[in-house]
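These notes are about the structure you will find just below.
The values are calculated or read from the model by the stated rules, or taken from the named source; none is laboratory data. Small disclaimer: the values here were computed from a predicted structure and weren't measured. Backbone-built Cβ (ideal geometry, glycine too); neighbour counts: all protein chains shown. Only protein heavy atoms, including side chains, enter the accessible area calculation; ligands, DNA and RNA are left aside. Shrake-Rupley method; radii C 1.70, N 1.55, O 1.52, S 1.80 Å.
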Amino acid sequence: MSKKTPVTIARGDGIGPEIMDAVLHILKEAQAPLEFEEIEIGKKLYEAGHTSGISPSAWESLRRTRIFLKAPITTPQGSGYKSLNVTIRKTLGLYANVRPCVAYPPFVATRHPQMKVTIIRENEEDLYAGIEHRQTDEVTQCLKLITRPGCEKIIRYAFEYARHHGTRKITCMTKDNIMKMTDGLFHAVFNEISAEYPELEKEHLIIDIGAARLADTPERFELIVLPNLYGDILSDIAAQVAGSVGLAPSCNIGDHGAMFEAIHGSAPDIAGLNIANPSGLLLSAVMMLVHIGEAKIAEKIHNAWLKTIEDGFHTKDIFSSHSAHQCGTREFAKEIIARLGASPNKLKPVAYQDGRPASMARAAISSAPSRTARKELIGTDIFLDWKGIPPDELGAKLKTLETPSLQLKMITNRGVKVWPEGLPETFCTDHWRCRFVRTQTGSPAKSADIIELLDKLSKAGLNFIKLENLYDFDGIPGYSLGQGQ
Ligand code: NAD
């Protein structure tokens, strides 16, 4: 018998314990060579004062086993709590979130019987950096961070995944017609890495039309790679369109570990009733087995599950006219166990390759060191909290505060240019971006110039709340030019 792989498990909240029990029962009967270490997470831990829902001692197990099979938890409402999932993903560097969304016609009702889409979502960056500020009475902001190494890792991961799984087509979605620098970087890296995979068909869609097409004709997609927020939204749409969020598994993969969980939540409305569907967590455990190199056991469990679905043994959430027997959570697990070794006749059986498809080619995925560009300071955007004054008056005041090195170029409000030559119809808040640029092209601006300018603004009673310096990188502006320019 092969050596057992240590796996950290957590039963979670709500339906978590009952679906975890069902999954552990199936894993045991399938003789999966796993050794479980249990940790506590979720509601109890939040209530005990751990703001992330996990205790320091649980990290020790996670860092040692590096494999986590997690049942859903109940996230408390309120601003004092942090998302456990975001904490785990960021702390362990789980940069890739993989969610296969598959239809099982006619056994699970779906309007899209041909659907088989895998969503690969970037997991660590974007608006999920959680850097938010209230800057004025009227304005709050959230920083959207997209990095080149982050894009390279997730996009290369997606291409390697496609190659490993025999995918023919890969789609990237962004909103780079609006966010030209952040989403533009994601799209540019997609184009760069595309060239290394000539056998694959590639496309890029703007996220809005892409989401509409995914909801309408999901059959046209095979694998979609996206930045964090779009991936979060689209993967739930895809799982629901495929048939049920109760069936969809997911894995979170990084260089130092992996976490496997169903995409649904803790379903407190049906907790303890023995009616929850354990399929999402079970199929996540199947992904885990493939990840740790137990492809044959993964295949055995997955095919037994497909046969159970095909034979019409269904939990309440997917029970329909194609079902033969309505099962409880425990009974459903027993039906799967009874079919271990069997294959489906109508649904396509799965065949997993030995190896680690979910984490393949780590060396290839690690990003190359970024090239250092020639970076030149050419000015600064100073954000002011300023109330009740027309833009022209603010412009006139700021003109008097220019320094010999920095001159006022424009003022925008919520990104719309309001000085010079703004329109009176433009609605303005108390948050003004004032762009100062160097007076002499050719000689770079200096930090001391900006400090001199800030000092003048401060002495004039202007309340600056934030500064963003303007740099050219190898002569190319590293900042948006602003609407209306
Ligand atoms: P939910 O996914 O728990 O439930 C939505 C609906 O789907 C409910 O009607 C529920 O009964 C049903 N459902 C979900 N899973 C099912 C299953 N396996 N079998 C049968 N029916 C199922 O979403 P929610 O109600 O918005 O959230 C409940 C709690 O779960 C919240 O505290 C939320 O923060 C948390 N949550 C946790 C995770 C996680 O731990 N990964 C993910 C999402 C939500």
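Would you confirm whether or not segment 264-285 contains a residue that is β-branched (Val, Ile, Thr) and within 19 Å of ALA96 (Cβ to Cβ)?
Just the residues of segment 264-285 that are β-branched (Val, Ile, Thr), to begin with: 270, 275.
Those still in the list that are within 19 Å of ALA96 (Cβ to Cβ) too: none.
Among the residues of segment 264-285, not one is β-branched (Val, Ile, Thr) and within 19 Å of ALA96 (Cβ to Cβ), which makes the answer no.
For segment 114-148, enumerate the residues that are within 24 Å of PHE159 (Cα to Cα) and polar (S, T, N, Q).
GLN114, THR118, ASN123, THR147
When segment 162-176 is examined, which residues are found to be open to solvent by 60 Å² or more (accessible area, probe 1.4 Å) and at pLDDT 95 or above?
Listed by number, the list holds a single entry, ARG168.
Is it the case that HIS187 is over 27 Å from ALA351 (Cα atoms) and either outside any helix (DSSP H, G or I) or assigned by TED's automatic domain parsing to the domain that holds GLY415 (or both)?
In short, no.
Please enumerate the residues belonging to segment 423-447 that are part of a loop (DSSP other than H, G, I, E, B), open to solvent by 30 Å² or more (accessible area, probe 1.4 Å) and under 22 Å from ILE465 (Cβ atoms).
Quick first cut of segment 423-447, residues part of a loop (DSSP other than H, G, I, E, B) only: 423-430, 439-446.
Filter once more, so that each one left must be open to solvent by 30 Å² or more (accessible area, probe 1.4 Å): 423-428, 439-444, 446.
If the condition is that a residue be part of a loop (DSSP other than H, G, I, E, B), open to solvent by 30 Å² or more (accessible area, probe 1.4 Å) and under 22 Å from ILE465 (Cβ atoms), then THR426, PHE427, CYS428 are the ones that fit.
Condition check ((1) away from the ligand (no atom under 14 Å from the Cβ); (2) open to solvent by 80 Å² or more (accessible area, probe 1.4 Å)) across all residues:
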| position | (1), (2) |
| --- | --- |
| VAL23 | no, no |
| GLU37 | yes, no |
| ILE41 | no, no |
| GLU47 | no, yes |
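Would segment 324-334 turn up any residue that is within 15 Å of the ligand (Cβ to nearest atom) and farther than 19 Å from MET20 by Cα?
Yes - at least one qualifying residue is present in segment 324-334.
Residues are listed down the side, and each one gets a yes or a no for (1) under 30 Å from GLY150 (Cβ atoms); (2) outside the structural domain of THR74 (by TED's automatic domain parsing); (3) at pLDDT below 95:
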site	(1), (2), (3)
ALA271	no, no, no
SER284	yes, no, no
ILE301	no, no, no
PHE313	no, no, no
ALA338	no, no, no
GLY355	yes, yes, yes
SER367	yes, yes, yes
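Is it fair to say ASP317 is modelled with pLDDT under 95, within 15 Å of the ligand (Cβ to nearest atom), of a type in the set (Asp, Glu) and open to solvent by 30 Å² or more (accessible area, probe 1.4 Å)?
Working: modelled with pLDDT under 95: yes; within 15 Å of the ligand (Cβ to nearest atom): yes; of a type in the set (Asp, Glu): yes; open to solvent by 30 Å² or more (accessible area, probe 1.4 Å): yes.
Considered against the rule, which asks whether it is modelled with pLDDT under 95, within 15 Å of the ligand (Cβ to nearest atom), of a type in the set (Asp, Glu) and open to solvent by 30 Å² or more (accessible area, probe 1.4 Å), ASP317 comes out as yes.
Can you find, within segment 59-79, the residue that is least open to solvent (accessible area, probe 1.4 Å) among those that are more than 15 Å from the ligand (Cβ to nearest atom) and not in a helix (DSSP H, G or I)?
Taking the candidates together, the pick is ILE67.
Does ILE9 count as in the same structural domain as LYS70 (by TED's automatic domain parsing), modelled with pLDDT of 95 or more, hydrophobic (A, V, I, L, M, F, W, C) and touching a Phe, Trp or Tyr at 6+ places or on another chain (Cβ under 6 Å)? Spell out the reasoning first.
Numbers: in the same structural domain as LYS70 (by TED's automatic domain parsing): yes; modelled with pLDDT of 95 or more: yes; hydrophobic (A, V, I, L, M, F, W, C): yes; touching a Phe, Trp or Tyr at 6+ places or on another chain (Cβ under 6 Å): yes.
So ILE9 fits the description; yes.
Take the residues in segment 1-21 that are more than 10 Å from the ligand (Cβ to nearest atom) and assigned to a loop (DSSP other than H, G, I, E, B); name whichever of them is surrounded by the fewest Cβ atoms within 10 Å (Cβ to Cβ). Please lay out each step first, then the result.
Within segment 1-21, the first condition is being more than 10 Å from the ligand (Cβ to nearest atom), and the residues that meet it are 1-9, 11, 17, 20-21.
So of that shortlist, the ones also assigned to a loop (DSSP other than H, G, I, E, B) come out as 1-4, 11.
Details: MET1: 5, SER2: 8, LYS3: 7, LYS4: 11, ARG11: 20.
Among those that are more than 10 Å from the ligand (Cβ to nearest atom) and assigned to a loop (DSSP other than H, G, I, E, B), it is MET1.
When LYS387 is evaluated against the numbered criteria (1) under 24 Å from ILE178 (Cα atoms); (2) in a loop (DSSP other than H, G, I, E, B); (3) of a type in the set (Lys, Arg), which criterion, by number, is the only one it fails?
(1)
Every residue, every condition in (1) free of Cβ contacts under 8 Å to residues at least 40 places away in the same chain; (2) within 14 Å of the ligand (Cβ to nearest atom), yes or no:
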{"residue": "HIS256", "(1), (2)": "no, no"}
{"residue": "MET259", "(1), (2)": "no, yes"}
{"residue": "ILE263", "(1), (2)": "no, yes"}
{"residue": "ASP269", "(1), (2)": "yes, yes"}
{"residue": "ILE275", "(1), (2)": "no, yes"}
{"residue": "LEU281", "(1), (2)": "no, yes"}
{"residue": "ILE292", "(1), (2)": "no, no"}
{"residue": "ILE297", "(1), (2)": "no, no"}
{"residue": "ILE301", "(1), (2)": "no, no"}
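From the set of residues in segment 26-35 that are away from the ligand (no atom under 16 Å from the Cβ) and touching a residue at least 24 places away in the same chain (Cβ under 8 Å), which is nearest to SER266 (Cα to Cα)?
LEU27
Being touching a residue at least 12 places away in the same chain (Cβ under 8 Å), away from the ligand (no atom under 11 Å from the Cβ) and within 21 Å of TYR161 (Cα to Cα): is that true of GLY243 here?
The answer is no for GLY243.
So which residues in segment 30-52 are in a loop (DSSP other than H, G, I, E, B) and modelled with pLDDT of 90 or more, if there are any at all?
ALA30, GLN31, ALA32, PRO33, ILE39, GLU40, GLY42, listed by residue number.
Could you figure out which of (1) touching a residue at least 24 places away in the same chain (Cβ under 8 Å); (2) touching a Phe, Trp or Tyr at 6+ places or on another chain (Cβ under 8 Å); (3) among the basic types (Lys, Arg) isn't true of ARG213?
Unmet for ARG213, out of (1) touching a residue at least 24 places away in the same chain (Cβ under 8 Å); (2) touching a Phe, Trp or Tyr at 6+ places or on another chain (Cβ under 8 Å); (3) among the basic types (Lys, Arg): (1).
For segment 134-160, what are the residues that are touching a helix residue (DSSP H, G or I) at 6+ places or on another chain (Cβ under 7 Å) and open to solvent by 10 Å² or more (accessible area, probe 1.4 Å)?
CYS142, LEU143, LYS144, LEU145, ILE146, ARG148, GLU152, LYS153, ARG156, GLU160
How many residues are buried (at least 24 other Cβ atoms within 10 Å of the Cβ), under 18 Å from the mean Cα position of the chain (by Cα) and not small (Gly, Ala, Ser) if we restrict to segment 235-250?
Counting residues in segment 235-250 that are buried (at least 24 other Cβ atoms within 10 Å of the Cβ), under 18 Å from the mean Cα position of the chain (by Cα) and not small (Gly, Ala, Ser) gives 1.
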